[in-house]
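Okay, structure first, notes after.
None of the figures in this text is laboratory data; all of them are computed from the coordinates on show. This structure is a prediction, so every number in the text was calculated from the model and none was measured. All Cβ positions, even for glycine, are placed from backbone atoms using ideal geometry, and neighbour counts span all protein chains on display.
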Amino acid sequence: MNIKEFKELPRGARNLIIYYTLTVPFSITVDLLPVYLFRLGFTVEEVGIVFSITSFVSLIASIILGVAFDRGLPVKIGMLLIEILESLSNLFYALATKVEHILIGNALSKVGNLFGVSYQVYEKDIYPSDKLEKVYSYHFALPELMLLFSYPIIGYLLGFVFTSVEAMRLVFLISSLSSLFFAAYILKLLPGVFRKVKLREKSELSRELWPVIVAQVLIVFSFSITTGIVLDNYIYNILGLNIFFVIVVTAIASSSSLVASIVAEKINTDRRFQMLILSIIILVVYACSMANLGFLNMSQYYIFGILLGLTILMGFGHTLWFIFHRSYLFRLIPEERRGAILGGISSLTRVLGVIAPATAGIIAYRIHPLATYYIQVIVLAVAALMYMLSRRINYKSNLHTNK
């Protein structure tokens, strides 16, 4: 991984990775939002319910928008809509004085996420298919380096220097304004493609592909009920630590993600399936350890130190999974159906996304702050079985073909 090698990538691939890298410091609002809401007086249960309400709104919006864009939406337009809606969302957060403002801001963000499939479709067109592992190494490494540099600085300023709610409001406002710059970046510096993406589209799937899709949806769901409000609640409300410690966890995860992206680049693509299973085993160890973290009889700082160690493990495992899963998935998707299938995966994820925040918030508030990690262990195990099922179907298919 070096500058010369990066420059040899196609211009569109380079510019897209640079775009992802530049947006990182302003994306810190995603990690700040739960703590911001805690500062405004919400409990973890209330935050979860608010997020589920807005997830339901986005699900309804996906149906309406699906009708509007049945003929397909130019990929770059989808990416522009994400920036515009994210700008409005952060503006509502910055000015929020009532729960209605939070609901509107989060709903706008969730509706913007509906177009997130545009990124995947654009990557499919722009990233060279013969260098996917290498490209995704840069795709991960450069944004993670930016996060590792910028997040601790912002976290330190908000945790120890500018500790008021007004300072957090200013961060949301700056993030809102930054989206205007990134909209211009998309228009000027990202090459156009002739592909379109549909927000809803039916397509027949191969038997081998179905289990891989189910595995992705399950893994995304497993993190949606553990990270975010659950983890932030545990650090901020249960351990009693400030925003800096919340942000440090994200930065530490990025450091191990960076290592994982370098490791992934050096692994032979023939071992793609083995790396997928290994990554899930790592994530299961992480989730099981996190589930029992709250039972340790130690000081808050010792517990936080263990949490950081587990976060390093999680960042490494999750990045390995993402890189090899994305490569594995793309090779199973027929070129002419890529928009339909990626859009379908996004829709399945959104359906589970409706119940995830409320489920996470209620369990964390009513049962135990870290109880959702037990659920994650089970879900990850089922995902591993899905990959094995896909592998078995592929083996039987090849055996039948050879006969």
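On the beta carbon distance between Arg392 and Val263, with R0 = 45 Å, the FRET formula returns roughly 0.95. Label positions at Thr97 and Trp210, each projected 7 Å from the Cα along the C-beta direction, are separated by 5.5 nm. Between the entries (1) 133; (2) 146; (3) 199, the label attached to volume of the Cα convex hull per residue in Å³ calculated for this structure is (1). Note on the chain: helix-only mean residue ellipticity at 222 nm, from DSSP H runs of 4+ residues weighted -39500 (n - 2.57) and normalised by residue number, equals -26500 deg cm²/dmol.
Look at the dipole of the chain built from charges on Cβ: of Leu296, Leu22, Ile323, the Cα furthest out on the positive end belongs to Ile323. Under 5 Å from the amide H of Thr163 lies no amide H of any residue 5 or more positions distant or on a separate chain, with H modelled from the backbone and absent for Pro and chain starts. When a/c reaches 1.5 or more, the comparison of a/b and b/c decides; with that in mind, is the stretch 103-185 rounded, prolate or oblate per its Cα gyration tensor? It comes out oblate by the Cα gyration axes. Under the classification rounded if a/c is under 1.5, otherwise prolate if a/b is larger than b/c and oblate if not, where does the stretch 261-314 fall, given a ≥ b ≥ c as square roots of the Cα gyration tensor eigenvalues? Verdict is oblate for the stretch 261-314. Positive end of the dipole of the chain (Cβ unit charges, origin at the Cα centre): among Pro357, Phe273, Leu370, the Cα lying farthest that way belongs to Phe273. Just the Kirkwood number for the stretch 203-316, please: inverse of mean 1/r across all distinct Cα pairs, in Å, one decimal. The answer is 15.9 Å.
Take every Cα pair under 8 Å whose residues are at least 6 apart in sequence, average their separation, divide by the length of the stretch 14-164, and the relative contact order is 34 percent. With +1 on the Cβ of every Lys and Arg and -1 on the Cβ of every Asp and Glu, and nothing else charged, how large is the dipole of the chain about its Cα centre, in debye rounded to the nearest 20? Around 1100 debye, computed over the chain.
Between the exposed loop cleavage positions of the chain, defined as GluC sites (Glu not before Pro) in a non-H, G, I, E, B DSSP state with at most 13 neighbouring beta-carbon atoms within 10 angstrom, the longest gap is 205-403.
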